[in-house]
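Below is one structure; the comments refer to it alone.
The values are calculated or read from the model by the stated rules, or taken from the named source; none is laboratory data. Predicted model only: the values in this text are computed from it and were never measured. No Cβ is skipped: glycine too gets one built from the backbone with ideal geometry, and neighbour counts run over all protein chains shown. Areas reflect the complete protein model, heavy atoms only, side chains present, ligands, DNA and RNA absent. Shrake-Rupley method; radii C 1.70, N 1.55, O 1.52, S 1.80 Å.
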Amino acid sequence: VWRLPLPGGIPLQLVEIPAWEGWIGSPDEEEGRTAYGYRPECEGKDVESLRRVALPAFGMARTPISQAQWRAVAELEPVGRDIPVDPATEKGAELPVETVSWNDAQEWCARLNLVLRNELGEQAPQVALPSESQWEVACRAGTTTPFHFGDTIDAGWANHDGTYTYGAGHQGTYLNRPSPVGAYGLVNRWGLADLHGNVWEWCADLWHPSAEGAPGDGSAWLEPDAELKGDAATYRLLRGGSWLNDPVYCRSACRNGGHPGLRDNTFGFRVCCLPPGFPP
C-alpha cells in the first residue's frame, strides 16, 4: 500500500495492480449471469461474455472513496462544475461517499489532478475512474470464481442483502445501509477491499448491453452502442453491487449501468492511478 496525500493531509491508499493478461467475464454456467431482466436492452445478449484482456500495471484505490476523502477534494475550487460537499444519505467520515453521479466523480478527479499537477509537475500521477476491464481485473486478482474469495458470498464477508443467498452460501443479515470502508477486513490477493457490495462503483466506460467488442488493452470503451436509444445511449458502467442488492449482483462479472447525472444512495466510486509518475 502506498499513500497519495489529499488536501488537508488525508491519505488516499493505493495498491499496485501488476501487468496482467487473461480472461474476464463469466462462463456460461455461472449462476446469475443472465439476471438482467430489468434491462430490456439486454434481451438476447451475452451481457457478461468472456473476453481476453492484456493490461499494463496501474494503481487502484484500496477502498471506495470515503466521505472524508470526498470532502477534502470537493471543498476545492471547481474545475468544470459544482459538486456537493456532503452528498451522502448515510453520514460518516469513514463511510463510502454515495449519492454521487458519474459527472460528480469526474469533477472530483479533475480537481485532485489539478492539485497533483501543481504540486508534482509533469511527474504527477493521473487519478481517474477505472475502465471496466481495469476494475474487473483488479477485483478478480487472478481468480475465475464469481467472487474474489470463491464460489459464494456471506453476509459476514461483504455488505449486501444477506437475506438472499448465492450458491452454497448461508442466509444472513441485511444492514440496509452502507458500512465503513474496509470494515469487513477482507482483501483480495492484491490488497483491495469492498469490491463486492457496499456501494456500486462508477467506471469510465459507456455501458453496452454486451461486453462483446470491448477494448482488450485496458482502455475505457467510449464508442456508443448504435442500437441504444435515448438515455440508455449515455449510461455509464457501474460495478460491484451494493448494500441494497442480493448477492447475484455483487459478482465480479456483473455489469450494471446508470445515467451519468444520476445520484443514487447506492452509487459511489473508487479511483485508479496511471502513469506518468506511478508510483510517485
Members of the range 1-30 found to be free of Cβ contacts under 8 Å to residues at least 24 places away in the same chain and open to solvent by 60 Å² or more (accessible area, probe 1.4 Å), listed by number: Arg3, Pro5, Asp28, Glu29
Among the residues listed as Asn245, Asn265, the single one being under 17 Å from Ala158 (Cα atoms), in a loop (DSSP other than H, G, I, E, B) and open to solvent by 10 Å² or more (accessible area, probe 1.4 Å): Asn245
Leading residue by the ranking (farthest from Phe58 (Cα to Cα)) among those in the range 111-129 that are touching a helix residue (DSSP H, G or I) at 6+ places or on another chain (Cβ under 7 Å) and either of a type in the set (Phe, Trp, Tyr) or touching a residue at least 40 places away in the same chain (Cβ under 8 Å) (or both): Val115
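Here are Val271, Val187, Val248: which of them is within 20 Å of Ala35 (Cα to Cα) and under 17 Å from the mean Cα position of the chain (by Cα)?
Values: Val271 fails: within 20 Å of Ala35 (Cα to Cα); Val187 fails: within 20 Å of Ala35 (Cα to Cα).
The unique qualifying residue is Val248.
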Test for Trp157: is it surrounded by 19 or more Cβ atoms within 10 Å (Cβ to Cβ) and not in a loop (DSSP other than H, G, I, E, B): no
Long-range neighbours under 8 Å by Cβ, at least six apart or interchain, first residue farther than 24 Å from Phe267 by Cβ and free of Cβ contacts under 8 Å to residues at least 24 places away in the same chain within the range 166-178, second open to solvent by 50 Å² or more (accessible area, probe 1.4 Å) and part of a loop (DSSP other than H, G, I, E, B): Ala168/Asp151; Gln171/Thr163; Gln171/Tyr164; Gln171/Thr165
Residues that are assigned to a loop (DSSP other than H, G, I, E, B) and in contact with a Phe, Trp or Tyr (Cβ under 7 Å, 6 or more places away or on another chain), drawn from the range 180-221: Tyr184, Leu186, His196, Gly197, Asn198, Val199, Trp207, His208, Ala214, Pro215
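Only one residue in Arg33, Arg62 is touching a residue at least 60 places away in the same chain (Cβ under 8 Å), open to solvent by 20 Å² or more (accessible area, probe 1.4 Å) and touching a strand residue (DSSP E or B) at 6+ places or on another chain (Cβ under 8 Å). Which one? Spell out the reasoning first.
Details: Arg33 fails: touching a strand residue (DSSP E or B) at 6+ places or on another chain (Cβ under 8 Å).
Result: Arg62 is the single residue among Arg33, Arg62 that is touching a residue at least 60 places away in the same chain (Cβ under 8 Å), open to solvent by 20 Å² or more (accessible area, probe 1.4 Å) and touching a strand residue (DSSP E or B) at 6+ places or on another chain (Cβ under 8 Å).
Each row is one residue, and each column tells you yes or no for (1) under 27 Å from Gly230 (Cα atoms); (2) over 19 Å from the mean Cα position of the chain (by Cα); (3) hydrophobic (A, V, I, L, M, F, W, C).
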position: Glu41; (1), (2), (3): yes, yes, no
position: Phe58; (1), (2), (3): no, no, yes
position: Ala61; (1), (2), (3): no, no, yes
position: Trp102; (1), (2), (3): yes, no, yes
position: Leu112; (1), (2), (3): no, no, yes
Residue that is surrounded by the most Cβ atoms within 10 Å (Cβ to Cβ) [pool: residues in the range 121-154 that are closer than 21 Å to Gly268 by Cα and among the acidic types (Asp, Glu)]: Glu132
Residues satisfying the stated conditions in the range 72-120, i.e. open to solvent by 20 Å² or more (accessible area, probe 1.4 Å), touching a Gly at 6+ places or on another chain (Cβ under 9 Å) and at pLDDT below 95: Leu120
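Okay, residues lined up against (1) open to solvent by less than 10 Å² (accessible area, probe 1.4 Å); (2) more than 28 Å from Gln67 (Cα to Cα):
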| site | (1), (2) |
| --- | --- |
| Leu186 | no, no |
| Gly191 | no, no |
| Val199 | yes, no |
| Asp205 | yes, no |
| Ala226 | no, yes |
| Gly240 | yes, no |
| Ser252 | yes, no |
Conditions (1) within 18 Å of Glu136 (Cβ to Cβ); (2) of a type in the set (Lys, Arg); (3) modelled with pLDDT under 95: number failed by Arg39: (1)
So Leu262, is it farther than 25 Å from Gly142 by Cα, modelled with pLDDT of 95 or more and hydrophobic (A, V, I, L, M, F, W, C): yes
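Filter the range 229-238 down to residues that are more than 12 Å from the chain's Cα centre (by Cα) and at negative phi and give me whichever is least open to solvent (accessible area, probe 1.4 Å).
The qualifying residue least open to solvent (accessible area, probe 1.4 Å) is Ala232.
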